[in-house]
Amino acid sequence: MSLQPGRLRPLDGPALAVQDDERRERHVRTIWAIAGAAGLVVSLVACGSPSEQASSDGSADGDSTTVTVGATPVPQAQILEFVRDELAADAGLDLEIVEFTDYNQPNTALTEGELDANYFQHKPFLEEYLDGNPEADLSYVGNVHLEAFGLYSEELEKVSGLEEGDKVAVPNDGSNMGRALKLLEDQDLITLEDGAGDTASKKDIAENPRDLQITPVEAAQLPRSLPDVDAAVINGNFALEASIPAEANTLAQENTEDNPYANGLVVPASDTDAPAVTELNELLHSDEVKDYMQEQWDGVVIPLGGEN
């Protein structure tokens, strides 16, 4: 069984010779009408709600529930691959992983029913998406890990090396731009207006003593932009994917204590308590997954508890 609507394969009926016998022709039409009706029944059963399908799957011995999850490649897809290969089968899950290389598509795909869940975003990003897409009814299940934002440079070795007029690239989406600006503020490079909040933008910069050129760039393109700027604040997953921590200078990292930008699993609100979703969320918080994160990305990807 699958958590998402199944796709029927074409029916393979017997090869019947075309004859002039009108009775035989009516018989053939009857066979295909019955087959078509059967297919319709199967299709309707397969298109039940995810919760219903998960419940149905759980009642069948040896049956597994297929959960299709959208994720950005690093580290989310790699974490899901570990769960799929090492843990999912024993939990009765069959994970299908769909990779996305930007932040724009996964919520749309989930809203449109192409996915059962996604795993790529923090809660402020989801809230920003829901504000702009009121028809979407998505729910954040719980924190799984934190990817520390970093300020990187190919040429500079310290924050103090930034000079007047230098160009600093930041993510161009609202919640992540605010996060990047907060990192710059923590390094005494800028000062934000009081109450700027998580979605602070360039207009919320109250003081910029070095007259830094704050340049918004699509988050996935930030690693590529690094040679063209003096420094860039890069999302942890994109930095890891491009091996930025190993190949560039890390000038600063954001404070991880009480950080609101943890990544977690997101599902349609109606499926928040679906058994398969609960099972997957528990696997993502297992000791095995925490150990995997620490071994693979010690200090850059930080495993968290499930509270949100």
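The values are calculated or read from the model by the stated rules, or taken from the named source; none is laboratory data. Here the structure is a predicted model, which is why all the values come from computation and not from measurement. Here Cβ is always computed from backbone atoms with ideal geometry, including for glycine, and neighbour counts include all displayed protein chains.
Annotations for the structure displayed:
- Restricting Ala239, Ala232, Ala220 to residues that are in a strand (DSSP E or B), under 25 Å from the mean Cα position of the chain (by Cα) and more than 15 Å from Glu185 (Cβ to Cβ) narrows the list to Ala232.
- Residue check for Ala276: touching a helix residue (DSSP H, G or I) at 6+ places or on another chain (Cβ under 6 Å), in the same structural domain as His122 (by TED's automatic domain parsing) and within 21 Å of Leu138 (Cβ to Cβ): yes
- Residue satisfying all of: in the stretch 152-177; buried (at least 23 other Cβ atoms within 10 Å of the Cβ) and modelled with pLDDT under 95; farthest from Ser225 (Cα to Cα) among these: Ser175
- Taking the criterion of being under 14 Å from Ala71 (Cα atoms) and either assigned to a loop (DSSP other than H, G, I, E, B) or of a type in the set (Phe, Trp, Tyr) (or both), the residues of the stretch 119-137 that qualify are Tyr119, Phe120.
- Residue match in the stretch 106-118 (condition: assigned to a helix (DSSP H, G or I), among the aliphatic types (A, V, I, L, M) and under 24 Å from Glu207 (Cβ atoms)): no
- Picking from residues in the stretch 221-246 that are within 14 Å of Ala169 (Cα to Cα) and of a type in the set (S, T, N, Q), the one that is modelled with the lowest pLDDT is Asn235.
- Residue list for the stretch 240-250, restricted to those being more than 18 Å from Pro303 (Cβ to Cβ) and either crowded, with 21+ Cβ neighbours inside 10 Å or among the acidic types (Asp, Glu) (or both): Glu241, Ile244, Glu247, Ala248
- Matching residues in the stretch 196-212 - criterion: being assigned to a loop (DSSP other than H, G, I, E, B) and touching an Asp or Glu at 6+ places or on another chain (Cβ under 9 Å): Ala196, Gly197, Asp198, Thr199, Ala200, Pro209, Arg210, Asp211, Leu212
- Scanning the stretch 138-178 for residues that are within 24 Å of the chain's Cα centre (by Cα) and part of a loop (DSSP other than H, G, I, E, B), we see that the one that is nearest to Thr199 (Cα to Cα) is Asp173.
- The conditions of being surrounded by fewer than 17 Cβ atoms within 10 Å (Cβ to Cβ) and of a type in the set (Lys, Arg) are not met by Lys123.
- Residue within the stretch 203-217 that is crowded, with 19+ Cβ neighbours inside 10 Å and modelled with pLDDT under 95 present: no
- Out of Glu135, Glu163, sole residue that is in contact (Cβ under 8 Å) with a residue 24 or more places away in the chain, out of contact with any helix residue (DSSP H, G or I) (no Cβ under 6 Å at 6 or more places or on another chain), over 30 Å from Lys290 (Cβ atoms) and assigned by TED's automatic domain parsing to the domain that holds Pro73: Glu135
- Of all residues in the stretch 133-164, those satisfying the criterion of being in contact with a strand residue (DSSP E or B) (Cβ under 9 Å, 6 or more places away or on another chain) and of a type in the set (D, E, K, R) are Asp137, Glu147, Glu154, Glu155, Glu157, Lys158.
- Condition check for Leu184: in a loop (DSSP other than H, G, I, E, B), crowded, with 19+ Cβ neighbours inside 10 Å and over 19 Å from the mean Cα position of the chain (by Cα): no
- Residue within the stretch 258-267 that is surrounded by 18 or more Cβ atoms within 10 Å (Cβ to Cβ), in a strand (DSSP E or B) and at pLDDT below 95 present: no
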